[in-house]
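The values are calculated or read from the model by the stated rules, or taken from the named source; none is laboratory data. Source: prediction; values computed, not measured. Ideal geometry is used to build each Cβ from the backbone, glycine not excepted, and the neighbour counts take in all protein chains shown.
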Amino acid sequence: MSKRTVVTMPGDGIGKIVLPEAIRVLDAVGFKADYVHGDIGWDFWIKEGNALPQRTIDLLEKHKLGLFGAITSKPKDKADKELSPELQGKGYVYYSPIVTMRQHFDLDICIRPCRSFQGNPLNFIRRGSKGNVEEPLVDVVIFRQNTEGLYAGVEWTNPPDTVRKAMETHPKMKNFSHVPSPDLAISTRIFSRGACQRIVEGAFEYAKKYNYKSVTVCEKPNVIRETSGMMEAEAKKIAAKYPGIQLRSTNIDAQMMWLTKNPEEYGVIVSGNMFGDIVSDGFAGLVGGLGFACSANIGRDCAVFEPTHGSAPKYEKLNPSIVNPIAMILSACMMLDHIDEKDKADQIRQAIARVVQASKVQTYDMLRLTGGPDVFKHGAATTQQMTDAIIQNL
């Protein structure tokens, strides 16, 4: 197989720490690649007024494959204040670079596996009917529509007259007729039929490939009738082509209760952008939290892989580093799966499983400690020690 080129985008905060650890593991497992650095993140917003510079977009256009660390995003008022003085007042608007990247490259399928490792002290447990403690195996994969919905960015504060008049053609807007436009904020939730079909088809194909017995549409069609209703309707059509896989439907609010009641009964879950974000974090909490939460952003000809945790800037400067690199390493495994290097991906996952089960090397989050420089006194491993242990177990 020809040597790959991977665009590495550490981003902000702990992204700069965990991404190099993933590359160490990739090197150790024998994956051969050229790594090209891509600028992204808060520093580039401050200095250039663009958190995703065109030069990084050009790299992804060329190489089609990326590993991404983490990003810092702040509300509009804080973003404006932190912009370099010479750029302020010149019309620059902050947009999340990862959301911009997803939309630019149409990375419309987001895959977020939530699988428990045996022996992880953070795994979900519950009390059984006889008072015994049960630890159900969680193996859930969330397919999140990545480019539409509430994250599409079509919103206004103080909407223009043309927007307001268009909105007021809907009878429900009568409830807001007394609100002055400067006091009105509007966000839209946009679903397209083609995107619904693609994400649901992807979920069923994944379930078929990896022998999951069900696909659950997790939306809110009883209230958000048009958008959630469209995804449900398309799922019913597509399910007919997969007679061996059960189609289920849950409401997002009920799902957040049921995920701690019977998480082992779910396989593949498919949702729109916001609800997919919510339910994937919920299931991640059952398998160790964001330190174990990986994801893939898949388009038709480009793919970017990232942990779902944030940039946690308060931990960036700690030396030695305390953060858990497993989510980033598992994201690199998803990249290997995507480019047909599944054997190497499985080797890494098995090494992680051995380290977790042995319980000898655990980062601060696995020990349920509050993050800070004193965690090592309580037996926490450094970021690099966790990576070393995984490499030793390959």
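Odds and ends about this structure:
- Condition met for ILE339 (surrounded by fewer than 19 Cβ atoms within 10 Å (Cβ to Cβ) and among the β-branched types (Val, Ile, Thr)): yes
- Residues within segment 171-206 that are free of Cβ contacts under 8 Å to residues at least 24 places away in the same chain, under 29 Å from VAL270 (Cα atoms) and assigned to a loop (DSSP other than H, G, I, E, B), tallied: 0
- Candidate set from segment 233-270 (those that are of a type in the set (Val, Ile, Thr) and part of a loop (DSSP other than H, G, I, E, B)); member that is nearest to the chain's Cα centre (by Cα): THR260
- In segment 338-361, the count of residues that are farther than 27 Å from ILE142 by Cα and of a type in the set (S, T, N, Q) is one or more.
- Positions within segment 339-361 being in a loop (DSSP other than H, G, I, E, B), over 23 Å from the mean Cα position of the chain (by Cα) and not hydroxyl-bearing (Ser, Thr, Tyr), in sequence order: LYS360, VAL361
- Criterion: modelled with pLDDT of 95 or more and not acidic (Asp, Glu) - qualifying residue of LYS74, LYS16: LYS16
- Any hit, segment 298-320, residues being within 30 Å of ILE199 (Cβ to Cβ), crowded, with 20+ Cβ neighbours inside 10 Å, among the charged types (D, E, K, R) and modelled with pLDDT of 95 or more: yes
- Among the residues making up segment 149-172, those that are within 30 Å of CYS218 (Cα to Cα) and surrounded by 15 or more Cβ atoms within 10 Å (Cβ to Cβ) are GLY149, LEU150, TYR151, ALA152, TRP156, MET167.
- Filter result for TYR35 (in contact (Cβ under 8 Å) with a residue 12 or more places away in the chain, aromatic (Phe, Trp, Tyr), surrounded by fewer than 17 Cβ atoms within 10 Å (Cβ to Cβ) and closer than 22 Å to GLU316 by Cβ): yes
Here's the yes/no breakdown for (1) of a type in the set (Gly, Ala, Ser); (2) in contact (Cβ under 8 Å) with a residue 60 or more places away in the chain:
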| site | (1), (2) |
| --- | --- |
| LEU59 | no, no |
| PHE68 | no, yes |
| SER73 | yes, no |
| ALA79 | yes, no |
| GLY91 | yes, no |
| SER96 | yes, no |
| VAL99 | no, no |
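- Test: VAL138 is in contact (Cβ under 8 Å) with a residue 40 or more places away in the chain and either of a type in the set (Asp, Glu) or over 21 Å from THR308 (Cβ atoms) (or both): no
- Residues that are assigned to a loop (DSSP other than H, G, I, E, B) and under 20 Å from ASN146 (Cβ atoms) are absent from segment 6-28.
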